[in-house]
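Here is the structure we will look at.
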Amino acid sequence: MNFHQQALIHSGACLALLNEGRQKEALRYCIAQHIAPPSCLNAAGQVDVGSVTGAGIEQLGDYGWWLKRLKISAKREQEKHRTAMFSV
């Protein structure tokens, strides 16, 4: 499955939750996908769900936001594996 397909699935799932008024479940869904919800990192770089604003919540249903985050996440994983290979 490519990034575009994944972004459609994840944005659709979150949009459905948001349309039902289930914002916390949408945030949990995002975290379960190993994607940090928008604007929710505290000073220590840890997820702080309580700090997510209304605009951040709405981004969870946005295809473009998911597409960008999925690509960034994949690139970070590649870099992590590449670094691990050379540090052995």
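The values are calculated or read from the model by the stated rules, or taken from the named source; none is laboratory data. For clarity, every value in this text was computed on a predicted model and none was experimentally measured. Glycine gets a Cβ as well: all are built from the backbone with ideal geometry, and neighbour counts include every protein chain shown. Quick note on the areas: whole protein, heavy atoms, side chains included, nothing else; ligands and nucleic acids left out. Shrake-Rupley method; radii C 1.70, N 1.55, O 1.52, S 1.80 Å.
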Any chance LYS24 is modelled with pLDDT under 90, of a type in the set (D, E, K, R), part of a helix (DSSP H, G or I) and surrounded by 10 or more Cβ atoms within 10 Å (Cβ to Cβ): yes
Determine which member of the set ALA16, ALA7 is at pLDDT 95 or above, over 18 Å from LYS68 (Cβ atoms) and open to solvent by less than 80 Å² (accessible area, probe 1.4 Å). ALA16
Kindly indicate whether any position in region 69-86 is farther than 16 Å from LEU8 by Cα, touching a Leu at 6+ places or on another chain (Cβ under 9 Å) and either of a type outside the set (D, E, K, R) or modelled with pLDDT of 90 or more (or both). no
